[in-house]
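Written out below as structure tokens is the structure these notes cover.
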Amino acid sequence: MKTRELLVVGGGPAGLAVAIRARQRDVSVTVIDARKPPIDKACGEGLMPDGVALLQELGVELTAGDRRDFVGIRYLDGATRAEARFPTRPGWGVRRRTLHQAMVRRAEDCGVDLRWGVTATGYRDGVVETREGSFEARYVVAADGLRSPMRRLAGLEGAPAKRRRFGHRRHYRIAPWSEHVEVYWQEGCEAYVTPVAEDQVGIAVLSDDPGRAEGSWLDLFPALAERVAGAECVSRNRGAGPLRQRASRVCSGRLALVGDAGGYLDAITGEGLSVAFHQAFAVVDAIEANDLPRYAREHRRILRLPDAMTGLLLAIERRPRLRRRVVAALAAEPDVFARFLAVHAREAAPMSIGAGGLARLLRRVIAGTPASGSRSVARPVA
Ligand SMILES: Cc1cc2nc3c(=O)[nH]c(=O)nc-3n(C[C@H](O)[C@H](O)[C@H](O)COP(=O)(O)OP(=O)(O)OC[C@H]3O[C@@H](n4cnc5c(N)ncnc54)[C@H](O)[C@@H]3O)c2cc1C
């Protein structure tokens, strides 16, 4: 058994980002993953602009043909439509398999020791057990996803969440009709449409219903069903959940949890990948400084804003009347929506939303701006 500096359990986006970042800092690293590349997964496949920037810093290359830029977010709620653009740069729509292939290529080029088809089955103090033998390292990062076996093996499982939401996704062969990620709001569920190629869109649906898998959910979104009517479905349904997972702590001894393994609230804001990349940078900084508790502090800081935004959207999502008013208010206040989006993409500070804009938005929500036919297009906000 050879002792290496870093062992990463889970070679998804979070684990590979950690490994590539570690190699950029000259840390020796092995990645083990139960599956073999390219790995697919249920995901909305929209990478927010800050995630794009981090991916580029890692040196991961995706050609224009591998991805599709999106310029912002559009909410559709009945006849109401509100949209806003990112302030400086686009996000990327990219199929998970394509993203995974690109990250694996980069990891190989960086000299990461990649072991596919190796499943972690046990853990104690820096030693990971697998059927292929034990792996020991000075530090272990568990990036083994939402249901994280490592989190359980290390005794870091948090209390189960009361509300259980699930996600499903499929792809359709059709030219994207929007340069935004579209979010269709419906009672008890939302559909996300992400352009992922010049002839393909991904549709992810989030809801409380684990069984809403086999395409029937599209009936709940008539406008969307009409859009993709006749288009060939080019991927099989993939699901994930329950989405909400808690970790009691993200560090213990020589182990750190990164990505979904460290706890997850919901996919409603579509930023799990970006958050995982921020965490990957933070954990490597902490390992380099020999100060893992520093990662725990950074983890809290990184999640503060996404958790607040996610909590807000989940609260709105559960209340259809309020949701309709909020979407209508955003449609009527496009510049405020753009400021929220800039904050969400970590391109502006929360204070930049401004008390005046917030007050106007709230007044409209309370008054209930007419919803029918509202439409907004926000200017980018620097
Ligand atoms: C429906 C849905 C829509 C989403 N939409 C978006 C979106 O639009 N944008 C966005 O940024 N995020 C989105 N997310 C969130 C995003 O998919 C996740 O945050 C992201 O995949 C987290 O990556 P990860 O590497 O932590 O986990 P994963 O991608 O799950 O990778 C975990 C890896 O660990 C491996 N593994 C598991 N157990 C073991 C074991 N015992 N031993 C070895 N290996 C193991 C698995 O094989 C896997 O490769 C969405 C999520 C869902 C469910």
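The values are calculated or read from the model by the stated rules, or taken from the named source; none is laboratory data. Bear in mind that the values here come from a model prediction, so they are computed numbers and not experimental data. Every residue, glycine among them, receives a Cβ derived from its backbone with ideal geometry; neighbour counts consider all protein chains shown. The protein model used for the area step is the full one, side chains on, heavy atoms only, and it has no ligands, DNA or RNA in it. Shrake-Rupley method; radii C 1.70, N 1.55, O 1.52, S 1.80 Å.
Here are some notes:
- Normalised per residue, the accessible area of the chain is 42 Å², obtained with a 1.4 Å probe and no contribution from ligands, DNA or RNA.
- Seen against the Cα atoms of the chain and their longest principal axis, helix 320-332 is set at about 80 degrees.
- Extension gain for R115 to E179 (0.36 nm times residue separation, less C-alpha to C-alpha distance): 19.3 nm.
- Relative to the longest principal axis of the Cα atoms of the chain, the long axis of helix 334-344 lies at roughly 10 degrees.
- Hz values of 3J(HN,Hα) by residue in the stretch 179-188 - Karplus curve (6.51, -1.76, 1.60), Gly and Pro given as x: 8, 9, 6, 9, 10, 9, 8, 9, 4, x
- Packing-based ranking, highest mean first, of 159-172, 10-23, 46-59 given that Cβ atoms within 10 Å are counted: 10-23, 46-59, 159-172
- DSSP beta bridges in the chain [antiparallel fraction, %, rounded to 5]: 70 percent
- Phi angles across the stretch 258-270 convert, under the Karplus curve 6.51 cos²θ - 1.76 cosθ + 1.60 with θ = phi - 60°, into 3J(HN,Hα) values of 10, x, 4, 4, x, x, 8, 9, 5, 8, 4, 9, x Hz, Gly and Pro given as x.
- Rolling a 1.4 angstrom probe over the stretch 185-254 with all protein chains present gives an accessible area of which 44% lies on carbon and sulfur atoms.
- The loop-placed trypsin sites (Lys or Arg not before Pro) in the stretch 272-368, going by DSSP, that have at most 13 neighbouring Cβ atoms within 10 Å of their Cβ come out as R318.
- From phi via Karplus (6.51, -1.76, 1.60), per-residue ³J(HN,Hα) for the stretch 112-123 in Hz, x at Gly/Pro: 6, 7, 9, 10, 8, x, 10, 9, 6, 10, x, 8
- Using the Cβ-Cβ distance between R147 and A79 with R0 set to 51 Å, the FRET efficiency works out to roughly 0.85.
- Projected label distance in nm at E136 and I366, using a 7 Å step from Cα toward the beta-carbon: 6.5 nm
- Degrees separating the helix 13-24 axis from the principal Cα axis of the chain, which is the longest one: 50 degrees
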